[in-house]
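Below is one structure; the comments refer to it alone.
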Amino acid sequence: MSFGKVLELNTGATIPEIGLGTWLSKPNEVESAVEIAVRNGYRHLDLAMIYRNQDEVGRALKKVIPSVVTREQLFITSKLWNCSHQQGPAEAELDETLKQLGLTYLDLYLVHWPVAFEPGNGLTPPHPTKEGEAHLDLKTSLVDTWRTMIKLKETGKVKAIGVSNFTIEHIKGLIDATGVVPAVNQIEAHPVLPQDDLVAYCKQVGVHITAYSPLGNNFVGKPMHTENAVVKQVAEKLGATPAQVLIAWGAYRGYSVIPKSVQEGRIISNFKQVALSEEDYNKVTAIKVGKSERFNIPIGFKPKWDINLFDEELEKTATNKVNIA
């Protein structure tokens with residue numbers, strides 16, 4: 001079992017340290033994964049409209065609420081997709097998410113990316129003149145979207161609001177304009193992408209970090225961090241799996257961590273926490289040699305998003321910058 005640790009958000013609510021991620025899960029795999037996870041002790045589920053599997057999660061929730069857990073015992077996060085950053089579409093998407101899940105509220109609702117798409121033409125609207133590109137809405141600013149999120153919180157349909165994939169500059173813009181600090185910033189976080197400056201800033205202003213892709217990411221053709229010799233060595237020493245070591249690395253840094261799996265054995269083993277000593281933590285941290293490596297960069301998506309979000313080398317060719325305020 002996990003250590004059962006919960007971490008406090010700036011709202012006073014708590015978020016379980018280990019959760020189940022549902023990104024990159026194939027159709028018809030998520031229903032059983034969520035059911036297995038909840039039956040084996042998980043109480044934190046991470047979802048999103050763009051994962052196109054929330055209806056499956058809803059079916060799983062019907063199997064475990066109230067027979068295994070009460071609704072109040074679960075911490076459920078979902079995310080507002082880019083095509084719904086404008087006020088009317090945002091509430092409509094939230095209502096659709098709640099309908100898919102069969103719930104009356106979410107514990108946490110995040111702005112999935114600091115990028116808006118033109119609404120009304122599907123989840124990834126094609127650009128009218130540039131083939132292979134998404135149609136960005138460059139008028140709706142991050143602050144506009146954040147004000148919409150603040151209104152959604154006032155409806156009672158979400159208990160807390162936050163962001164995902166936001167940088168220091170993006171978060172600062174929201175706080176400066178509204179005074180409302182996001183409860184969470186969910187980011188790609190693993191030993192090869194430590195983002196120490198962002199982590200320090202979030203700590204300073206009271207934004208909790210949730211780590212996605214804690215094991216690395218296998219959709220870019222690079223080996224997973226679970227294959228790293230040092231990670232394997234630490235795992236062997238602790239009688240743990242490499243995945244457990246990488247999850248423990250995130251927990252050591254104060255994150256909540258949301259490993260994704262649809263395989264029963266891995267779902268269960270990922271939840272069996274181990275603790276890293278300072279020495280082992282430092283060993284795992286040292287697997288980053290040279291520059292950080294980010295796997296999830298939207299300018300490389302198909303269709304591509306022609307926007308510079310993180311100032312990565314790959315993004316230097318982007319035409320557009322984030323409209324913060």
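Observations
- Across the stretch 138-187, the mean sequence separation of Cα contacts (distance under 8 Å, 6 or more residues apart), normalised by length, yields a relative contact order of 40 percent.
- Excluding ligands, DNA and RNA, the accessible surface per residue across the stretch 64-182 is 40 Å² with a 1.4 Å probe.
- Where only alpha carbons of the stretch 60-164 are counted, the Rg and the Dmax (Å): 15.3, 52
- Sites matching chymotrypsin sites (Phe, Trp or Tyr not before Pro) across the stretch 155-223 that sit in DSSP coil, with at most 13 neighbouring C-beta atoms within 10 Å: Phe219
- Across the alpha-carbon atoms of the stretch 32-110, the computed radius of gyration and Dmax are 12.5, 39 angstrom.
- Pairwise label distance in nanometres, Ala177 with Lys232, each label 7 Å out on the Cα-Cβ vector: 4.8 nm
- Within the accessible area of the stretch 209-325 (1.4 Å probe), percent carbon and sulfur: 50 percent
- Solvent exposure of the stretch 257-323 as accessible area per residue, Å², 1.4 Å probe: 54 Å²
- Solvent-accessible area, 1.4 Å probe, carbon plus sulfur percent, for the stretch 45-152: 52 percent
- Cross-link partners for Lys283 among the lysines, with Cα-Cα distance under 30 Å and sequence neighbours closer than 8 places in the same chain left out: Lys5, Lys203, Lys222, Lys232, Lys237, Lys260, Lys272, Lys291.
- Once Rg and the Kirkwood radius are both taken over the C-alpha atoms of the stretch 227-325, their ratio Rg/Rh works out to 1.09.
- Neighbourhood net charge (12 Å Cβ-Cβ; Lys/Arg +1, Asp/Glu -1) for Lys62: -1
- Expected 222 nm ellipticity per residue - DSSP helices of 4 or more, -39500 (n - 2.57), all of the chain, to 500: -10000 deg cm²/dmol
- Estimated FRET transfer efficiency (Val6, Arg266; beta-carbon r; R0 35 Å; 0.05): 0.95
- For the chain, the alpha carbon convex hull comes to 128 Å³ per residue, rounded to a whole number.
The values are calculated or read from the model by the stated rules, or taken from the named source; none is laboratory data. In this text, all values refer to a predicted model and were calculated from it rather than measured experimentally. Every residue, glycine among them, receives a Cβ derived from its backbone with ideal geometry; neighbour counts consider all protein chains shown. With ligands, DNA and RNA removed, areas are computed over all heavy atoms of the protein, side chains included. Shrake-Rupley method; radii C 1.70, N 1.55, O 1.52, S 1.80 Å.
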